[in-house]
1. Given the options 57, 92, 41, 46, name the one that is of a type outside the set (Val, Ile, Thr), touching a Pro at 6+ places or on another chain (Cβ under 8 Å) and free of Cβ contacts under 8 Å to residues at least 40 places away in the same chain.
2. Out of 140, 60, report the one residue that is at pLDDT 80 or above, loosely packed, with under 15 Cβ neighbours inside 10 Å and not polar (S, T, N, Q).
3. Among the residues of segment 99-137, what is the count of those that are touching a residue at least 24 places away in the same chain (Cβ under 8 Å), surrounded by 12 or more Cβ atoms within 10 Å (Cβ to Cβ) and among the acidic types (Asp, Glu)?
4. Which count do you get for residues in segment 80-98 that are exposed (fewer than 14 other Cβ atoms within 10 Å of the Cβ) and either at positive phi or over 19 Å from the mean Cα position of the chain (by Cα) (or both)?
5. For segment 56-73, does any single residue satisfy the condition of being more than 17 Å from residue 209 (Cα to Cα), touching a Lys or Arg at 6+ places or on another chain (Cβ under 9 Å) and of a type in the set (Ser, Thr, Tyr)?
6. Among the residues of segment 1-38, how many are surrounded by 13 or more Cβ atoms within 10 Å (Cβ to Cβ) and hydrophobic (A, V, I, L, M, F, W, C)?
7. For residues that are of a type in the set (A, V, I, L, M, F, W, C), assigned to a loop (DSSP other than H, G, I, E, B) and at pLDDT below 85, scanning just segment 103-137, find the one that is nearest to residue 198 (Cα to Cα).
8. Sort out which residues of segment 65-91 are assigned to a helix (DSSP H, G or I), of a type in the set (Ser, Thr, Tyr) and modelled with pLDDT of 95 or more, and write them in order of number.
Amino acid sequence: MSVQTLNDLQDSLNESLSWRRIELLAMTGEIERQAKQSATAPLARALARSGLAMLYAHWEGFTKDACQSYVDFVVARRLKISELSDGFALAAMRDLSRRELRGDERAQVDLLDAVRKPDLARARIPRKTAVNTKSNLRYEVLLEILTLVGIPHDEIATKQNLIDISLCDARNDIAHGRYVVLDVGTFVSLRDEIISMLEWLRDKLMENARLRLYRAS
C-alpha cells in the first residue's frame, strides 16, 4: 500500500503486525496441544522447531516491512538533504556516492548540489535498498536499520543475546538440518519476547513520524 500520511503508516504497521501475531498464536496453540499428548513425540518436536523458524521469519519480515513503510512515509515528505535527520541524510549521500562511482553523470551533478547547495538539493533516499536485513537479522544488522530510521540503540541493548543466540543461531541450525531441542515453554517465552519487540518497533516508528524526528534537529 502507498504510505503517504500518518494514518497510512499506522494502518500499514498494524496490518503487518496483526496477521503475524495471529499466525504465531495459532501455531503456539497447536504446539501446546501436541506437547500435551506427548512432548517427546516426533510431531511435537517438529512443530516446535518449525515454530521457531516461523518466529524468525516474522521477526525479519515485520522489521523489514515496518521500516520500509516508514522510509516510504519519509520519502513522501519530499525533503531536502539539509532537512533530513542524520540517518536519512547519510543514506541519501551514500547512494549518491555509489552511483557516482558507477559513472552515473546525474549522480555527479546531484552530489555537487548536495555539497554546494544543501538547502536546495532534493534528497533522493534509496527507498528500495535503504532497509537491508541481509537475510540474517542479527543485532548488529538491526542497529544499522535503527540508525537509519532514527531509533536510539540503548532501548534494545539488552536483547543482543536473545536476537543472536536464541533466535538467529537456533533458526540457522534448524534451517541447515541440525537437531535443536526446543521445549514448549522456551518457545512461548521467545515468542512473547519477539512479539513485544515488534510492538516496540511499531510504536517507536509511529512516535518518530508523529514528532517528525525524520527531520534534522
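The values are calculated or read from the model by the stated rules, or taken from the named source; none is laboratory data. Computed from a prediction, not measured in an experiment: that's the story for all the values here. Backbone-built Cβ (ideal geometry, glycine too); neighbour counts: all protein chains shown.
1. Only one candidate passes the filter, namely 92.
2. The match here is 140.
3. 0
4. Residues flagged as exposed (fewer than 14 other Cβ atoms within 10 Å of the Cβ) and either at positive phi or over 19 Å from the mean Cα position of the chain (by Cα) (or both) within segment 80-98 amount to 3.
5. Yes, the conditions are met somewhere in segment 56-73.
6. 8
7. Going through the qualifying residues, I end up with 123.
8. 69, 70
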